[in-house]
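K.L.:
One structure is given below, represented as structure tokens, and several questions about it will come after.
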Amino acid sequence: MAKTGTTTQGLRAAIERSGYYPALVAEAVEAAVGGEAVVSYLVHQETTFDANEVRRHVTVLALTPTRFVVSHTDEQAADGTSPVPYATTSTESVKISRISSVVLSRVVANPESYTPGTLPREVVLTIGWGAVSRLDLEPANCGDPNCDADHGYTGSSTADDLSLRVSEAGDGPDTVRQALAFAKALSESTIAADTAAPAPRR
């Protein structure tokens, strides 16, 4: 389940409520956050099925006044590298000024009768900061159906560093509200960072 809030203590409590190796996850996130205050956070746990195994994954997003921190923790069954089950945790700290895009996709039911303030059925939060980009290519054409010349390729590059899907059916309405609140806080932080940045030299 996803949780969001505005304090460092609240972040720790949300991690503990998720029940997913809270000591391990909290230590990694708190080390990345350091001494900064937590402005907003989101804890999102998802379960996937891999053949006959059930695997869990938790993503923790933390927003400080200057940075966006993302942490991923996965559990793995015993394998050739380890005789016992194990977990891996990674954290990345990104300056707010590096956030290049915050995309929030909303899915609403019965759009013809939509009224402002109605909760979306699901939201997908995609955040880009330039670490990972998706390149979509397709053959280019000139519009002439009889032309068989090679016009090369055309495409687009999309920042796709992180994408989280939260649904009302799977996570509950409160979780959807929480994801919306985090997206709003992150967007506002990027605006503030752009305003504070010095003007480029001419």
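K.L.:
Can you tell me which of 110-117, 58-65, 77-84, 9-16 comes out highest on packing, and rank the rest after it, using the mean Cβ neighbours within 10 Å? Display every interim value, and only then the final one.
P.N.:
Values: 110-117: 6.6, 58-65: 22.0, 77-84: 8.6, 9-16: 18.1.
The densest-packed peptide leads the list: 58-65, 9-16, 77-84, 110-117.
K.L.:
Quick check: residue separation of residue 86 and residue 55 times 0.36 nm, minus the Cα distance between them. What number comes out in nm? Before the final figure, lay out the partial values.
P.N.:
On the way: separation 31, 0.36 × 31 = 11.16 nm, distance 1.15 nm.
Working it through step by step, the gained length comes to 10.0 nm.
K.L.:
How long, wide and thick is region 6-138, going by the Cα atoms along their three principal axes, in whole angstroms, largest first?
P.N.:
Principal extents (largest minus smallest coordinate, Cα): 56, 42, 38 Å.
K.L.:
Dipole size in debye (nearest 20) for region 1-107 around its Cα centre, Lys and Arg Cβ +1, Asp and Glu Cβ -1? Intermediate results must be reported in sequence, preceding the final value.
P.N.:
Details: 9 positive and 11 negative charges, 107 e Å.
Here the size comes out at about 520 debye.
Bear in mind that the values in this text are calculations on the coordinates, not laboratory data. All values reported here derive from a predicted model rather than from experimental measurement. Note that we place each Cβ from the backbone using ideal geometry, even for glycine, and neighbour counts take in every protein chain shown.
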